[in-house]
Amino acid sequence: MAGKASGGDALFRSLVAAKPKLVTGVPDGMLAETIMLCEASPDFPYIACAREEECIGVACGAAMAGERAVVMVQNAGLLNSLGAFATMGLRYGLPFVVIVTNRGALADPNGYDIEKREAFDAGVRPMARVFDFDASDLPDDLIPAAFKWAEAARKPVIIALEKRLGAEAAA
Amino acid sequence: MSDLSNLPSQKDAIAAALALYPARPFAVSDIGSQTGWLKAASHDARNLYVSGPMGLATSVALGLAAVRPNEQVLAIAGDGALAMNLTSLATIAGAKPKNLSILLVDNRVYEFTASVPTPTRELDWLAVGRAFFGVEQCMRLSDLTPERWASVARPAMIVADIAAAPAKPPALGMTPAQIRLDFLKAAKC
């Protein structure tokens with residue numbers, strides 16, 4: 001019997017199913033497996049950015065041309081990028097998908113992550129639609145559905161992944 | 001640094017850089033000064049006027065270049081803007097897009113902010129560009145001809161020392177929706 005796919009592999013397969021024209025990101029431990037799979041993928045380029053705000057710009061460039069783009073960053077990285085997210089993504093109504101690892105959950109209590117999560121709740125949720133998922137149990141159609149939502153809403157959408165109590169370790 | 005008394009305007013420098021190409025490239029301009037002067041120099045549906053944070057044009061241009069690999073893309077950044085997104089040069093150097101170039105227009109001031117001097121006013125931008133892209137991939141606008149530019153491998157960077165303008169450029173006069181729809185049509189052709 002085949003084993004259950006890891007969270008990183010499941011996320012990658014869902015990404016591929018959405019047929020993005022590019023994927024861009026800055027690593028987080030929970031995203032490492034997916035990023036390595038993306039870098040090896042022949043289906044789309046993976047653009048490794050030095051800083052998270054650049055990722056938002058890269059995705060906006062693709063979306064301005066009418067193409068699908070995915071951003072993968074940690075919650076602290078998105079917090080660093082809110083100016084770009086607001087003044088490009090929201091202002092121009094660009095339907096790209098941002099996958100955020102929302103560190104600092106109850107099952108993920110690193111001391112250095114706690115304030116990131118609180119800032120994410122205080123700063124990101126009031127300005128953008130966030131859909132939350134257990135990183136170890138992702139639906140196959142997650143990223144295709146995220147694009148459908150973003151394209152219908154004409155704005156970027158955030159998929160927040162977190163570790164949950166009782167769930168298999170995602171990373 | 002060139003002789004400050006004999007520098008081109010930003011508008012003329014942008015026009016000269018665009019004229020290096022045999023066919024109109026996509027041009028992605030940073031917010032404020034670059035966007036205003038790009039429109040004044042050469043308004044075109046292939047212009048993408050960025051209203052995001054200062055400096056993001058190079059990143060937006062990288063995303064555009066990745067999804068339009070058969071088209072030339074020129075990012076237009078001021079010295080103040082590029083200093084705010086200097087890491088994008090490292091990202092672009094790593095991504096190695098074969099169709100992306102950067103025009104750095106250096107007037108040594110934040111033109112849209114009362115011409116306050118930039119912290120990079122004594123920086124050697126030619127050396128910065130060459131550190132990221134290589135000696136042959138970064139040169140001064142005044143040293144380029146269309147023939148020479150055609151032979152330069154991308155990613156590449158053009159450094160243009162320009163005169164500080166006595167006034168801001170004309171207002172863009174376009175809404176984000178207009179910019180997006182106009183550009184989308186051009187990018188889909």
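The values are calculated or read from the model by the stated rules, or taken from the named source; none is laboratory data. Here the structure is a predicted model, which is why all the values come from computation and not from measurement. A quick note on method: Cβ atoms are made from the backbone with ideal geometry, for glycine too, and the neighbour counts reach across all protein chains shown. Only protein heavy atoms, including side chains, enter the accessible area calculation; ligands, DNA and RNA are left aside. Shrake-Rupley method; radii C 1.70, N 1.55, O 1.52, S 1.80 Å.
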Quiz prompt | Matching residues, region A:57-72, being more than 7 Å from chain B (Cβ to nearest Cβ) and either open to solvent by 10 Å² or more (accessible area, probe 1.4 Å) or out of contact with any Leu (no Cβ under 8 Å at 6 or more places or on another chain) (or both) | solution = A:Arg68, A:Val71
Self-check item: Residues within region B:64-84 that are open to solvent by 10 Å² or more (accessible area, probe 1.4 Å) and more than 12 Å from chain A (Cβ to nearest Cβ), tallied
Solution: 3
Quiz item: Just one of the numbered conditions (1) part of a loop (DSSP other than H, G, I, E, B); (2) over 15 Å from the mean Cα position of the chain (by Cα) is not true of B:Arg154; which one?
Solution: (2)
Self-check item: Extreme residue, nearest to the other protein chains (Cβ to nearest Cβ), among residues of region A:73-102 that are open to solvent by 20 Å² or more (accessible area, probe 1.4 Å) and touching a Phe, Trp or Tyr at 6+ places or on another chain (Cβ under 9 Å)
Solution: A:Pro95
Quiz item: How many of the residues in region A:105-129 are closer than 12 Å to A:Leu78 by Cα and either in a loop (DSSP other than H, G, I, E, B) or of a type in the set (A, V, I, L, M, F, W, C) (or both)?
Solution: 5
Exercise. Can you run down the residue pairs with Cβ atoms below 8 Å, 6 or more apart or on separate chains, where the first is in region B:101-114 and more than 25 Å from B:Ala19 (Cα to Cα) and the partner is open to solvent by 30 Å² or more (accessible area, probe 1.4 Å) and of a type outside the set (Lys, Arg)?
Key: B:Val109/B:Ser115; B:Val109/B:Val116; B:Val109/B:Pro117; B:Val109/B:Ala164; B:Tyr110/B:Val116; B:Tyr110/B:Pro117
Quiz prompt | Unmet criterion (only one of (1) in contact (Cβ under 8 Å) with a residue 24 or more places away in the chain; (2) within 14 Å of another protein chain (Cβ to nearest Cβ); (3) surrounded by fewer than 24 Cβ atoms within 10 Å (Cβ to Cβ)) for B:Leu20 | solution = (2)
Quiz item: Say we look at region B:105-143 and pick out the residues that are assigned to a helix (DSSP H, G or I) and acidic (Asp, Glu); which of these is nearest to B:Ile92 (Cα to Cα)?
Solution: B:Glu136
Quiz item: Where residues in region B:31-55 are of a type outside the set (Phe, Trp, Tyr) and within 16 Å of A:Ala59 (Cα to Cα), which of them is farthest from the other protein chains (Cβ to nearest Cβ)?
Solution: B:Gly55
Exercise. Hand me the list of strands (runs of 3 or more DSSP E) wholly inside region A:1-80 holding 1 or more residues that are within 27 Å of A:Pro126 (Cβ to Cβ).
Key: A:22-25, A:69-74
